[in-house]
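To start, the structure under review is shown below, and the notes come after it.
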Amino acid sequence: MAHLLIAATQKSSGKTTVTTGLAAALALRGMAVQPFKKGPDYIDPMWLSQAAGNPCINLDFHCMEEAEIIAAFHRRDAVADISIVETNKGLFDGVDVEGRDSNAALASLLGGPVVLVIDTLGMTRGIAPLVLGYVNFDPGVQIAGVILNKVGGPRHEGKLRAALEYYTDLPVLGAIGRDNALEIPERHLGLVPANEADEANRTIDRLCKAISDNIDLDRIVEIAETAVGPRAAPGPVPETKARSKDIRIGVARDAAFGFYYPDDLEAFEAAGAEIVPFDCLEDERVPDVDGLFIGGGFPETQMMALEANRSMLASIRAAIEGGLPTYAECGGLMYLSRSLTWRGETHEMAGVIPGDAVMHPRPQGRGYVVLEDTGAGPWPLPASRPGVPARFPAHEFHYASLDNLPRDMTFAWRVLRGHGVDGEHDGIVQGNLLAGFSHLRDVEGDRWVRRFVEFVRECRKGMRPVSDRSPISAL
């Protein structure tokens, strides 16, 4: 089906602004728009999901094999009128020096044309060699046009267009002026997520109008229709009988906790779990569930309200200490700690974990991680070979540290790459609780959702008391 990638020469060039507005504008035309995001990210996909009206799916070379990326893309793209992939950083950026994990590699893998968003602040004729360099760096990547962003006015736009017309063959698909009203607010982890932006819908409406008024949408669709498709056909999807929902998993969904991958949540339902959303800010107690999942987010921005909801803190603590199977990551870990300190203020949290979360000016852990299972977790990853600990990919991005932990803590994972809790370990284990700074993806290399759901199911049946640490069977 028709698809394209929105890329840039560097980060913070306006990709999310353009992609969000483009998704909203095409959806307003009545098109079924499927958004994707390259790499590990929660915040940009929230905006894209809300703008498109469809959940944004992450495509990540670190966590997913190429065949898995193609299959994930094909599954959603096949039922859409147009798919839009927002890339990360610059088109050719990546960890691998040969670019095997770059946005350009993703464009090649998916057989999709690229539209380049260029931040033109302080630029005139120099845009031509910049664009020529990108076009000629990898001839296998089809750069089909450019969008000029942060243009200073008609005179500035004219100079940019003249330079590109004289030196290149690339069409200018539109130009967006400098307008603070078109910028999504930012904070320490990037953009403010749509789940806590009071004016999210109004912001999306402004972006939609700006794109509709200034970008050639018909040409965008024509470019998307030139996509040749993935480099390899997606493999056959195994037929699986939908399992009836026999357990309930409470998932924290509010302004403090909103970092969840849509396909991970879908995996819960496929595994037979009913998702029960609850609000740590407003609800008085944990809902009637068999297990809990408290994801990442921004508990530091809501820490006063989280502390004020004493009944929920007491309910969370009693439930977990009573053996309720719980998985918490990053922000969820901070919420379960004794206290949370940010900008000179300290507020009490749930007090389940004997440590104190402290926010710092700089990231304490950032980027891709590789974890090795210690076997001490309540639902460990079975080893692929006897005696060889299982290793799996994940990612982390946290400004918080967890201080004052006892020395005898039990950890589910050794950190082979990344930081985790202490630079060497992640995944604190206490009874039926597993909590860490790393964010997991439910992918072929780590089907964590199925393992967690099966653990919850066995706990409900009374098959696994809190003291039982024997590994569950491979799924």
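Quick one: what pairs do we get from region 446-458, first residue in contact (Cβ under 8 Å) with a residue 40 or more places away in the chain, second assigned to a strand (DSSP E or B), C-beta under 6 Å, 6+ apart or different chains?
Asp446/Phe392; Phe452/Tyr327; Val453/Ala273; Val456/Ile247; Val456/Gly291; Arg457/Ile247
So the check is Cβ under 8 Å with 6+ separation or different chains; which pairs have a first residue in region 272-286 that's in the same structural domain as Leu306 (by TED's automatic domain parsing) and a second one that's aromatic (Phe, Trp, Tyr)?
Filtered contacts from region 272-286: Ile275/Phe268; Cys280/Phe257; Cys280/Tyr335; Val286/Phe278.
Suppose we keep only residues that are surrounded by fewer than 24 Cβ atoms within 10 Å (Cβ to Cβ) and of a type outside the set (A, V, I, L, M) within region 18-38. Which one would you say is farthest from Ile184 (Cα to Cα)?
Per the criteria, the residue is Gly30.
It is to be established whether one or more residues within region 27-40 are assigned by TED's automatic domain parsing to the domain that holds Asp218 and assigned to a helix (DSSP H, G or I).
yes
Is it the case that region 396-408 has a residue that's on the phi > 0 side of the Ramachandran plot and within 18 Å of the chain's Cα centre (by Cα)?
no
Counting just the residues of region 100-113 that are more than 21 Å from the chain's Cα centre (by Cα) and surrounded by fewer than 24 Cβ atoms within 10 Å (Cβ to Cβ), which one comes out nearest to Val135 (Cα to Cα)?
Pro113
Considering each residue of region 119-141, count those that are buried (at least 22 other Cβ atoms within 10 Å of the Cβ) and either among the small types (Gly, Ala, Ser) or not assigned by TED's automatic domain parsing to the domain that holds Thr17 (or both), and give that number.
0
For region 147-176, give me each residue that is part of a loop (DSSP other than H, G, I, E, B) and either in contact (Cβ under 8 Å) with a residue 24 or more places away in the chain or crowded, with 21+ Cβ neighbours inside 10 Å (or both).
Gly152, Gly153, Thr168, Leu170, Pro171, listed by residue number.
Could you say which residue among Ser49, Ser12 is outside the structural domain of His398 (by TED's automatic domain parsing), polar (S, T, N, Q) and over 22 Å from Arg202 (Cβ atoms)?
Ser12
Here is a list of conditions, (1) surrounded by fewer than 20 Cβ atoms within 10 Å (Cβ to Cβ); (2) small (Gly, Ala, Ser); (3) touching a residue at least 60 places away in the same chain (Cβ under 8 Å), and Ala144 meets all of them except one; can you say which number that is?
Condition not satisfied by Ala144: (1).
Could you list all residues from region 59-99 that are buried (at least 23 other Cβ atoms within 10 Å of the Cβ) and assigned to a strand (DSSP E or B)?
Answer for region 59-99, where residues must be buried (at least 23 other Cβ atoms within 10 Å of the Cβ) and assigned to a strand (DSSP E or B): Ile82, Ser83, Ile84, Val85, Glu86.
Determine whether Val358 is buried (at least 18 other Cβ atoms within 10 Å of the Cβ), on the phi < 0 side of the Ramachandran plot and more than 24 Å from the chain's Cα centre (by Cα).
Criteria not met by Val358.
When you look at Glu300, is it assigned by TED's automatic domain parsing to the domain that holds Gly420, crowded, with 20+ Cβ neighbours inside 10 Å and among the charged types (D, E, K, R), yes or no?
Answer is yes for this residue.
Can you list the strands (runs of 3 or more DSSP E) found entirely within region 310-399 that contain at least 1 residues being out of contact with any strand residue (DSSP E or B) (no Cβ under 8 Å at 6 or more places or on another chain) and not β-branched (Val, Ile, Thr)?
Once the strands (runs of 3 or more DSSP E) in region 310-399 are filtered for at least 1 residues that are out of contact with any strand residue (DSSP E or B) (no Cβ under 8 Å at 6 or more places or on another chain) and not β-branched (Val, Ile, Thr), what remains is 345-348.
Looking only at region 411-445, count every residue that is assigned to a loop (DSSP other than H, G, I, E, B), in contact (Cβ under 8 Å) with a residue 24 or more places away in the chain and small (Gly, Ala, Ser) and tell me the total.
Number satisfying all stated conditions: 5.
Taking region 46-58 on its own, how many of its residues are touching a residue at least 60 places away in the same chain (Cβ under 8 Å) and in a helix (DSSP H, G or I)? Spell out how you get there, then give the answer.
If we filter region 46-58 for residues that are touching a residue at least 60 places away in the same chain (Cβ under 8 Å), which is where we start, we get 46-47, 49-51, 55-58.
Still in the running and in a helix (DSSP H, G or I): 46-47, 49-51.
Matching residues across region 46-58 total 5.
Results for (1) at pLDDT below 95; (2) touching a helix residue (DSSP H, G or I) at 6+ places or on another chain (Cβ under 7 Å); (3) outside any loop (DSSP other than H, G, I, E, B), shown as yes or no for each residue.
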residue: Pro406; (1), (2), (3): no, no, no
residue: Val456; (1), (2), (3): no, no, yes
residue: Pro465; (1), (2), (3): yes, no, no
residue: Ser473; (1), (2), (3): yes, no, no
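The values are calculated or read from the model by the stated rules, or taken from the named source; none is laboratory data. Here the structure is a predicted model, which means the values were calculated and not measured. FYI the Cβ positions are ideal-geometry reconstructions off the backbone, even for glycines, and counts take in every protein chain you see.
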